[in-house]
Each structure stands twice: as structure tokens, then as C-alpha cells.
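Below is one structure; the comments refer to it alone.
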């Protein structure tokens, strides 16, 4: 798979702290997840969170049912090594989000920072949304962060989509109610800024 090979290569050739999307602490994601009010045993999945520190932070805050899905086994191995013995408290899934089969209505919080904007093909976007509709519980929470309209047009050598909140919400469709959105200026490890938008929605049914 060409996409998988790309991301395996990224995490073979770069440290997880050297990629542009690296955050020492994912403060905005943590804030929104906490504000959902989901109990600490609620099922949370981090899409594309392979080497992210979000799982570490969620464990520290007492969340106990955490899944991390990433297309790159190398990215997941990085996080597992960093977490040490705590890695066994996380469910790790190496898969392509457009083709993965997740248990139906099994997830309380779906979190995605910087995966969906890599899906430039409408068919892939719809496959992703189909997975969300299948796996997220009715009334479940979804947090998706993408590049904003003034964000980069490429990342990691790949074309990306850029969204305003209403455009992202429209792409996901009427089964999602947009509750909150905000912009973030992300400071990359090499001193540049990237503009993100975060959208927080509830799935209706």
C-alpha cells in the first residue's frame, strides 16, 4: 500500500519529535475531550495517533478505555516504547482508517488531529465518514482537527485539504451536530506556524 509505505518511511527516518505536527502536550485535544463529559471508562479512539502523546496524557488523567489507530506500525511502536509498561493499557490498531472494520456503536469519543485533511479523494472521505457512523455510538462525540483555510496546502510532501468549520461539518453531513469550533496556531518543532481548526460534533443516531 503506497500510503502505508509513505508513513512507515516517515517514522523510520524521523524522530516523532521532529515531525511538523508534534505536540509535547496536546492541550487543545485534552481540553475538548474533557469538556465532552465522557466518564473515565468511556471508549476513546485516537485516529492517526500512532506516535502522539495524547494516549499518555489520557492515561495520566485517568481514562482507562483508550484505542490508538494508525496506518504506520513504526509510529505505534514509537509510542509503545515511550509508554513502556503502560502501553499494555492501550488498544493499538495498525490499519487504514478508510478500510478498517471497527465494532459497531463501540466508541464514545472519536478524536482525529490531522488525518482527515490528508483524504483528498471524495470516495476516501466518504469511507472515513462511513466508519465513523458505524463505530461511534448514537450521541457519541467526534473531534476532528484539520488545516484551516489559511493553513498549509501540503504536509509531509502530500497534498491536503483545508477546511472552514462549516465546510468540514457539511462534509460529514446531517447526522452530526456541530457544537463548537475554534482555531489553533500550532508551533512546529522547527519554528514555523500552522493554522488548524478543531470541530467538535455530536452524532445524532
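Considering only residues that are assigned to a loop (DSSP other than H, G, I, E, B) and at pLDDT below 95, which ones fall in the stretch 10-48? Spell out how you get there, then give the answer.
Our first condition is that a residue be assigned to a loop (DSSP other than H, G, I, E, B); within the stretch 10-48, this holds for 14-26, 36-42, 48.
Within the stretch 10-48, 14, 15, 16, 17, 18, 19, 20, 21, 22, 23, 24, 25 qualify.
Closer than 22 Å to residue 54 by Cβ, in a strand (DSSP E or B) and touching a strand residue (DSSP E or B) at 6+ places or on another chain (Cβ under 6 Å), is that true of residue 179? Show your work before the answer.
Details: closer than 22 Å to residue 54 by Cβ: yes; in a strand (DSSP E or B): yes; touching a strand residue (DSSP E or B) at 6+ places or on another chain (Cβ under 6 Å): yes.
Criteria met by residue 179.
What number of residues within the stretch 157-183 are under 16 Å from the mean Cα position of the chain (by Cα) and under 17 Å from residue 19 (Cβ atoms)?
Total meeting the criteria: 1.
Quick one: residue 108 ticks every box in (1) touching a residue at least 60 places away in the same chain (Cβ under 8 Å); (2) touching a helix residue (DSSP H, G or I) at 6+ places or on another chain (Cβ under 7 Å) bar one, so which box is it?
Answer for residue 108: the failing condition is (2).
Out of 23, 80, I need the residue that is in contact with a strand residue (DSSP E or B) (Cβ under 9 Å, 6 or more places away or on another chain), free of Cβ contacts under 8 Å to residues at least 24 places away in the same chain and crowded, with 17+ Cβ neighbours inside 10 Å. Which one?
Working: 23 fails: free of Cβ contacts under 8 Å to residues at least 24 places away in the same chain.
Exactly one of 23, 80 is in contact with a strand residue (DSSP E or B) (Cβ under 9 Å, 6 or more places away or on another chain), free of Cβ contacts under 8 Å to residues at least 24 places away in the same chain and crowded, with 17+ Cβ neighbours inside 10 Å, namely 80.
Kindly indicate whether residue 69 is surrounded by 14 or more Cβ atoms within 10 Å (Cβ to Cβ), within 25 Å of residue 155 (Cα to Cα) and modelled with pLDDT of 90 or more. Show your work before the answer.
Values: surrounded by 14 or more Cβ atoms within 10 Å (Cβ to Cβ): yes; within 25 Å of residue 155 (Cα to Cα): yes; modelled with pLDDT of 90 or more: yes.
So residue 69 passes the test.
The values are calculated or read from the model by the stated rules, or taken from the named source; none is laboratory data. Note that this is a predicted model, so its numbers are computed, not measured. We place every Cβ from the backbone using ideal geometry, glycine too, and count neighbours over all the protein chains shown.
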